[in-house]
Amino acid sequence: MLPIIVAVRIGNDEDRKYLEELYNETYRALVSYADSILQCREDSLDQVQALFLDMTGHIKALRELHSPYCYLKKCLTHRIFNLINERAAKPCWSMDEFEEKYGALPDVSAAVEGAVIRNEAYLLLRAYVQNLKPLYRSFIILHYYYGLKIKDVSRLLDVTPEYASVIHKRAKEELKRLISKGEVT
């Protein structure tokens, strides 16, 4: 069923009925497609609903298309990648900037014996973290160095808790990959 916010924006019953039929036919497939990219159901649902909200002003053009689903999928793709690019463009601090704002990072290698070994291990891990993508680096620093819970990190990074869990998983995988390959600059 067409969301009420979308239905209210449509001027006549004929257009409303057309968009509702299109919505019912394509909704599941569009959400599934969005999920495959975003890997976050909440974001996928938001993007599909926003897509149909945008389409309320283009019903005449939709009717003229041979395949409205393909057009909707293309528009949804643009919406999704705009969201991803917007999130990636958010400023991200370096580790030095985190230390400047929140104080010195805790020495995570306290369990290792010997000050030299601790310092070398800490600096090496810090270099690996610094080589992560900005979003992953921010997550790792806030969650592991500062001990913030995932929901608190999600709030600071302005993402949903579900998406923060995806970031968490990907960041750990990327960090493991860097460490196993010895890739540090």
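The values are calculated or read from the model by the stated rules, or taken from the named source; none is laboratory data. What you see is a predicted model; the values in this text were computed from it and never measured. All Cβ positions, even for glycine, are placed from backbone atoms using ideal geometry, and neighbour counts span all protein chains on display. Note: areas computed on protein heavy atoms with side chains; ligands, DNA, RNA excluded. Shrake-Rupley method; radii C 1.70, N 1.55, O 1.52, S 1.80 Å.
For region 147-167, enumerate the residues that are charged (D, E, K, R) and either touching a strand residue (DSSP E or B) at 6+ places or on another chain (Cβ under 6 Å) or under 15 Å from Q39 (Cβ atoms) (or both). Selection gives E162 alone.
Hey, can you tell me all the residues within region 56-77 that are part of a helix (DSSP H, G or I) and not charged (D, E, K, R)? Can you show your working first?
To start, the set of residues in region 56-77 that are part of a helix (DSSP H, G or I) comprises 59-64, 68-77.
Residues satisfying the conditions are I59, A61, L62, P68, Y69, C70, Y71, L72, C75, L76, T77.
Filtered by the rule that a residue be loosely packed, with under 15 Cβ neighbours inside 10 Å and not in a helix (DSSP H, G or I), region 135-183 gives G147, K149, D158, G182, E183.
Would region 33-55 turn up any residue that is open to solvent by 30 Å² or more (accessible area, probe 1.4 Å), touching a residue at least 24 places away in the same chain (Cβ under 8 Å) and not in a helix (DSSP H, G or I)? Yes, region 33-55 contains a residue that is open to solvent by 30 Å² or more (accessible area, probe 1.4 Å), touching a residue at least 24 places away in the same chain (Cβ under 8 Å) and not in a helix (DSSP H, G or I).
For region 4-17, filtering for residues that are out of contact with any helix residue (DSSP H, G or I) (no Cβ under 6 Å at 6 or more places or on another chain) and either under 28 Å from N85 (Cα atoms) or at pLDDT 85 or above (or both) leaves 3. Per this entry, H58 is not counted among residues that are surrounded by fewer than 11 Cβ atoms within 10 Å (Cβ to Cβ), over 28 Å from R137 (Cα atoms) and not aromatic (F, W, Y).
Do we have any residue at all in region 96-111 that's open to solvent by 60 Å² or more (accessible area, probe 1.4 Å), modelled with pLDDT under 70 and assigned to a helix (DSSP H, G or I)? Yes - at least one qualifying residue is present in region 96-111.
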